[in-house]
Amino acid sequence: MRQLIRGRTLSFHADPTDTENAFTYHEDGAIITDNGRIAAIGTYADLQEPGLAEIDNRPHLILPGFIDTHIHFPQVQVVASWGAQLLDWLNTYTFPEESRFAQQGHAPQMAEHFLNLLLAHGTTTAVAYCSVHKQSAEALFSAAHARNMAMIAGKVMMDRNAPEGVLDTPQSGYDDSKALIEKWHRTGRQRYAITPRFAITSTPEQMQMTGQLVREHPDCHIQTHLSENRDEIAFTLSLYPKARDYLDIYETYGLLGDKILLGHSIHLEEREIARMAETDSHPVFCPTSNLFLGSGLFDEGGLRARGISSGIATDIGGGTSYSMLQTLNEGYKILQLRGQKLHPFAAFHWATRGNACVLGMENEIGTLAPGSMADLVVLDSRATPAMALRMERATTLAEELFILQIMGDDRSVAQTYVAGQPMLG
Ligand code: GUN
Ligand code: ZN
């Protein structure tokens, strides 16, 4: 189906931190979508066609849908659990909750809630951890495929230091992951992420088999956690006494490269930073989670100066909001504490094209360039009385974006399109 979507369009074609002319903005803009893809973008005057169906989103802003590069699907009922830092939080709240995904019918029900929440918050692609149970990944992929949403997901592999109900074995973790890859990787818009949870919950035998999976499936992403919390690092190094540092464990088993997403990456050694840069591995910044769990302050500027590009993500349920706007808000504040500045252009680039580049998917998602999938978010910068009042004094696009970044959340999401289809309301 061919249609025209009208509104104020904003799309980045470069990183505004590196380049002056990083984006294209049309005040009276339009996007023509054809069969789920963007066929053309320009001014409404240039793109109007007699007889073409039109959806009018004026006066709102139309951007590429947000991309969340680190989120835990089985933690939709963990978010806002009180009083613990990482290891206690996992043991007290998270592992028991994830064990419920073994129950028949639970994962499919939660998958619907999860995808509804993502769309309500303007997120069209997420990189998701599922539970250890094969059926949790099966449920998420099935639900995302039915909506034509691009999900990158994997069942966590974990074979120690957690309750029996959330453990696999090196062999079953390998077999289940392999079966899921064969069924779902590049089925429609689905992609598989090989997912060793973190070094604490995997034996060397499981890490070995993870490395084998990665060698057998070099097209799959890999996701894990790195150096989120000081107690976690100490425990990890006690479990792998020969490792030079935390990253060395993942390096030893052949996991580093441009496909790996290293959640958190806060407390890093110099050698780890150098190896990340050399291997083009990607840290992922999870601001609301890092504050909520008291984990620490991510050094985006320091990593960037070393040529490392980071993703940004919610990390629900350690994170506290599904909103990438709220994530950028807390990210701004963390970088303030680091003496760094997150400009609104850089922020909106990050949540769209920046995250797409980290995934190596910028030709498919994250921009409004012709040929990309028509995954869009429509943002209302006057969604609340407080925002409308503040907007009376905004005179530039940068100011408007910053108001959205600081004050916006799902109330600012007027519509979300997936492959050209409106998904809300
Ligand atoms: N490290 C290992 N598992 C997890 C998780 O579920 N959440 C967070 N924030 N860190 C982790
Ligand atoms: Zn996580």
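The values are calculated or read from the model by the stated rules, or taken from the named source; none is laboratory data. These numbers were taken from a predicted model, which means no experiment stands behind them. Every residue, glycine among them, receives a Cβ derived from its backbone with ideal geometry; neighbour counts consider all protein chains shown.
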Determine, yes or no, whether residue 140 is of a type in the set (A, V, I, L, M, F, W, C) and within 29 Å of residue 285 (Cβ to Cβ). yes
The condition from (1) loosely packed, with under 15 Cβ neighbours inside 10 Å; (2) part of a helix (DSSP H, G or I); (3) not small (Gly, Ala, Ser) that residue 49 misses is numbered (2)
Looking at region 247-301 only, could you name the residues that are part of a loop (DSSP other than H, G, I, E, B) and of a type in the set (Asp, Glu)? 258, 269, 280, 299
Per the list (1) crowded, with 17+ Cβ neighbours inside 10 Å; (2) in contact (Cβ under 8 Å) with a residue 60 or more places away in the chain; (3) farther than 29 Å from residue 299 by Cα, residue check on residue 165 breaks on (1)
Got a number for residues in region 257-280 being within 16 Å of ligand 1 (Cβ to nearest atom) and either over 27 Å from residue 319 (Cβ atoms) or outside the structural domain of residue 314 (by TED's automatic domain parsing) (or both)? 0
Among the residues of region 15-33, which ones are of a type in the set (A, V, I, L, M) and either at positive phi or touching a residue at least 40 places away in the same chain (Cβ under 8 Å) (or both)? 22, 31
Tell me, yes or no, whether region 98-109 has at least one residue that is in a loop (DSSP other than H, G, I, E, B) and either surrounded by 19 or more Cβ atoms within 10 Å (Cβ to Cβ) or assigned by TED's automatic domain parsing to the domain that holds residue 371 (or both). no
For the structure I just gave you, tell me whether residue 185 is out of contact with any helix residue (DSSP H, G or I) (no Cβ under 7 Å at 6 or more places or on another chain) and within 16 Å of ligand 2 (Cβ to nearest atom). no
Determine which single condition residue 136 fails, assuming it passes every other condition in (1) part of a helix (DSSP H, G or I); (2) touching a helix residue (DSSP H, G or I) at 6+ places or on another chain (Cβ under 9 Å); (3) more than 16 Å from ligand 1 (Cβ to nearest atom). (3)
Filter region 16-36 for residues that are surrounded by 17 or more Cβ atoms within 10 Å (Cβ to Cβ) and under 27 Å from residue 422 (Cα atoms) and give the result. 23, 26, 29, 30, 31, 32, 33
Which members of region 276-318 meet the condition of being more than 16 Å from ligand 2 (Cβ to nearest atom), over 20 Å from residue 249 (Cβ atoms) and buried (at least 21 other Cβ atoms within 10 Å of the Cβ)? 299, 300
Just to be sure before I move on: is residue 327 part of a loop (DSSP other than H, G, I, E, B), within 16 Å of ligand 2 (Cβ to nearest atom) and of a type outside the set (A, V, I, L, M, F, W, C) in the structure I sent? no
Where residues in region 117-133 are among the hydrophobic types (A, V, I, L, M, F, W, C) and outside any helix (DSSP H, G or I), which of them is farthest from ligand 2 (Cβ to nearest atom)? 132
How many residues are aliphatic (A, V, I, L, M) and part of a loop (DSSP other than H, G, I, E, B) when one looks only at region 5-43? 2
Within the bounds of region 386-406, is there any residue that is closer than 22 Å to residue 29 by Cβ, β-branched (Val, Ile, Thr) and surrounded by 15 or more Cβ atoms within 10 Å (Cβ to Cβ)? yes
Which of (1) under 19 Å from residue 69 (Cβ atoms); (2) in contact with a Gly (Cβ under 6 Å, 6 or more places away or on another chain); (3) small (Gly, Ala, Ser); (4) more than 16 Å from ligand 1 (Cβ to nearest atom) does residue 254 not meet, given it meets every other one? (1)
Of the residues in region 188-226, those that are of a type in the set (Ser, Thr, Tyr), buried (at least 21 other Cβ atoms within 10 Å of the Cβ) and in contact with a Pro (Cβ under 9 Å, 6 or more places away or on another chain) come to 202, 210, 224
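Table: residues versus (1) charged (D, E, K, R); (2) at pLDDT below 95; (3) surrounded by fewer than 24 Cβ atoms within 10 Å (Cβ to Cβ).
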residue: 88; (1), (2), (3): yes, no, yes
residue: 132; (1), (2), (3): no, no, no
residue: 141; (1), (2), (3): no, no, no
residue: 161; (1), (2), (3): no, no, yes
Sort out which residues of region 389-408 are over 21 Å from the mean Cα position of the chain (by Cα) and either in a helix (DSSP H, G or I) or touching a residue at least 24 places away in the same chain (Cβ under 8 Å) (or both), and write them in order of number. 389, 390, 391, 397, 398, 399, 400, 403
Would you confirm, using the coordinates I've provided, whether residue 67 is in a strand (DSSP E or B), within 15 Å of ligand 2 (Cβ to nearest atom) and surrounded by 20 or more Cβ atoms within 10 Å (Cβ to Cβ)? no
